[in-house]
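Working notes, structure below.
The values are calculated or read from the model by the stated rules, or taken from the named source; none is laboratory data. Please read these numbers as outputs of a predicted model, since none were measured by experiment. Neighbour counts are summed over all protein chains in view; Cβ atoms, including those assigned to glycine, are modelled from backbone coordinates with ideal geometry.
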Amino acid sequence: MQNYRIERASMEDMELLIPLFDEYRMFYGQVSDPTGARDFLTERLKLDESVIFMAVVGEGINKRAGGLTQLYPSFSSVTMQRLWILNDLFVSAAQRGFGLGSMLLTSARAFAVSTGTKGLSLTTMTDNMVAQRLYERQGYLKDDEFYTYNLFFK
């Protein structure tokens, strides 16, 4: 495995992010849409609505991204504290098994701690056992106390 490092993504990293984000969406059954990915990520970063970390290797034109995690800010009214929603964690199929997911989660945790938040919250599919094992190894606890409900609009 090459020596990956974690970097916070910026607008200058868009060409690295787009194919990875598109692959992430296709993993969840969505149709490839690089233009939509560009528009979505550009808006998130320009409006400072998310924080994206990338696992990267190389420099300059040889820089490549093997994984990403995207955090969205939220708040707990009960504890009156900020928290981060770890909405996206993805490692490219070719780079799985080398610890990039753990590196990304560690960086997300360090970032959350550095911003003085209550913590990180995430949701994963019930059949995504690989991700569940990773989260539990990283100290995440499965919530058996609350149910999650969603109301989606087309």
### Query
Exactly one of (1) on the phi > 0 side of the Ramachandran plot; (2) touching a Pro at 6+ places or on another chain (Cβ under 9 Å) is unmet by residue 19. Its number?
(1)
### Task
Consider only pairs whose beta carbons are under 8 Å apart and that are at least six residues apart or on different chains; among these, list those whose first residue lies in the range 93-107 and is in contact (Cβ under 8 Å) with a residue 12 or more places away in the chain and in a helix (DSSP H, G or I) and whose second residue is surrounded by fewer than 20 Cβ atoms within 10 Å (Cβ to Cβ) and among the polar types (S, T, N, Q).
102/138; 105/138; 106/138
### Query
Within the range 124-146, restricting attention to residues that are within 15 Å of the chain's Cα centre (by Cα) and hydrophobic (A, V, I, L, M, F, W, C), which residue is surrounded by the most Cβ atoms within 10 Å (Cβ to Cβ)?
134
### Message
Looking at the range 108-119, can you tell me whether even one residue there is within 15 Å of the chain's Cα centre (by Cα) and either part of a strand (DSSP E or B) or touching a residue at least 60 places away in the same chain (Cβ under 8 Å) (or both)?
### Response
yes
### Query
In the range 53-72, what count of residues is obtained for those that are in contact with an Asp or Glu (Cβ under 8 Å, 6 or more places away or on another chain) and within 14 Å of residue 120 (Cα to Cα)?
3
### Task
Give the residues of the range 10-35 that are assigned to a helix (DSSP H, G or I) and under 22 Å from residue 125 (Cβ atoms), sorted by residue number.
20, 21, 22, 23, 24, 25, 26, 27
### Message
Could you list, ordered by first residue, the pairs with Cβ atoms under 8 Å in which the first is in the range 132-153 and farther than 15 Å from residue 121 by Cβ and the second is surrounded by 11 or more Cβ atoms within 10 Å (Cβ to Cβ) and not hydroxyl-bearing (Ser, Thr, Tyr), at least 6 apart or interchain?
### Response
134/101; 134/105
### Task
Please determine, by comparing only the residues of the range 72-123 that are β-branched (Val, Ile, Thr) and under 25 Å from residue 5 (Cβ atoms), which one is surrounded by the most Cβ atoms within 10 Å (Cβ to Cβ).
91
### Query
Regarding residue 50, is this residue of a type in the set (S, T, N, Q), surrounded by 15 or more Cβ atoms within 10 Å (Cβ to Cβ) and modelled with pLDDT under 95?
no
